[in-house]
Amino acid sequence: MKINLGCGWRDFGSDWTHIDGGNYEHLDSHDIYLNDYQQDSVDLIYASHIIEYFDREEIKVLLSNWKDVLKPSGILRLAVPNFEKIVSLYIKGYNDYKLDNALGPLYGKMPMGNKTIYHKTTYDFQSLKKVLEDSDFKNIKYWNWEATEHSEFDDHSQAYYPHMDKENGTLMSLNVECKK
């Protein structure tokens, strides 16, 4: 079983379970905590640009639930805005990168039902690795969006600056995976 958490409008096909807080026809559930899934039943959880909407305390419960449903050696694949890249581009002024360019990745703003949600935290590799280690995940490493079974679906794991310049731009997403 493969789960795409926070999939939004992206439908990865019938091989995937789609979960999001929005209102899309392809959704199987709205339960991002995976409360209705059996322990040790999921092979892969993919969550692109979701966990930054939870603060550092809230994420502990979320990760614990996700770990419980993963099979032994199951994979948790995350993508989040990359604080290190955002700050680096801003400081260097790369390609006229200004504060306005950083606001979306840093603070996010998205309607969710009858409210608006914002990012509550940000990560670099070391801070995300620590959060995952504290939740007893293993084999924490970067992953390359081009080498995944979902690479054909353009999502935030493929976010570049300048926008969509995947050949010459800077990848703005921190893509990290780990195992149960």
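Give me a comma-separated list of calculated 3J(HN,Hα) values for the range 158-172, in order, Karplus coefficients 6.51, -1.76, 1.60 applied at θ = phi - 60°, integers in Hz, x for any Gly or Pro.
After applying 6.51 cos²θ - 1.76 cosθ + 1.60, I find 10, 7, 10, 10, x, 3, 6, 8, 6, 8, 10, x, 9, 5, 9 Hz.
So how long is each side of the chain along the principal axes, counting just the alpha-carbon atoms, biggest first, in Å?
Per principal axis, max minus min of the Cα coordinates gives 49, 35, 31 Å.
Tell me, what is the FRET efficiency for SER41 and LYS141 to the nearest 0.05, using R0 = 22 angstrom and their Cβ-Cβ distance as r?
Rounded to the nearest 0.05, the efficiency is 0.35.
Could you order peptides 120-132, 83-95 by the average number of other Cβ atoms within 10 Å of their residues, highest first?
Taking the mean over residues of other Cβ atoms within 10 Å, the ranking is 120-132, 83-95.
Would you kindly give the portion of the calculated P(r) for the range 42-135 that falls above 22 Å, as a percent of all Cα pairs?
Tail fraction, whole percent: 37.
Quick check: the distance between the Cα centres of the range 80-107 and the range 23-73, to the nearest angstrom?
Spelled out, the Cα-based centre of one part sits 28 Å from the other.
As a test of the formula, what do you get for the chain when each DSSP H run with n ≥ 4 contributes -39,500 (n - 2.57) and the sum is divided by the residue count, at 222 nm and rounded to the nearest 500 deg cm²/dmol?
-6500 deg cm²/dmol
Within the range 111-165, how many lysine pairs that are 8 or more places apart, or on different chains, have C-alpha atoms less than 25 Å apart?
8
In the full protein assembly as shown, how much of ARG56 is accessible to a 1.4 Å probe, in Å² to the nearest 10?
90 Å²
Using a simple charge model, +1 on the beta-carbon of Lys and Arg, -1 on the beta-carbon of Asp and Glu, nothing else, what dipole does the chain show about its Cα centre, in debye to the nearest 20?
Charge dipole, the chain, about its Cα centre: 600 debye, nearest 20.
Counting only protein chains, not ligands or nucleic acids, how are HIS18, HIS26, HIS163 ordered by accessible area (probe 1.4 Å), most first?
Per-residue accessible area, sorted high to low, gives HIS163, HIS26, HIS18.
Work from the charge dipole of the chain (Cβ charges, +1 for Lys and Arg, -1 for Asp and Glu, about the Cα centre) and give the residue of ILE3, GLY22, VAL69 farthest towards its positive end.
Checking the options against the dipole of the chain, the answer is VAL69.
Given Cβ point charges of +1 (Lys, Arg) and -1 (Asp, Glu) and nothing else, what value in debye, to the nearest 20, does the dipole of the range 1-71 about its Cα centre take?
The dipole magnitude comes to about 220 debye.
Taking N as the number of residues in the range 1-63, what is its alpha-carbon radius of gyration divided by 2.2 N^0.38 Å?
Rounded to two decimals, the normalised Rg is 1.08.
The values are calculated or read from the model by the stated rules, or taken from the named source; none is laboratory data. A quick note: this is a predicted structure, and the numbers were derived from the prediction, not measured. Neighbour counts run over all protein chains shown; Cβ positions are idealised from the backbone, glycine included. The protein model used for the area step is the full one, side chains on, heavy atoms only, and it has no ligands, DNA or RNA in it. Shrake-Rupley method; radii C 1.70, N 1.55, O 1.52, S 1.80 Å.
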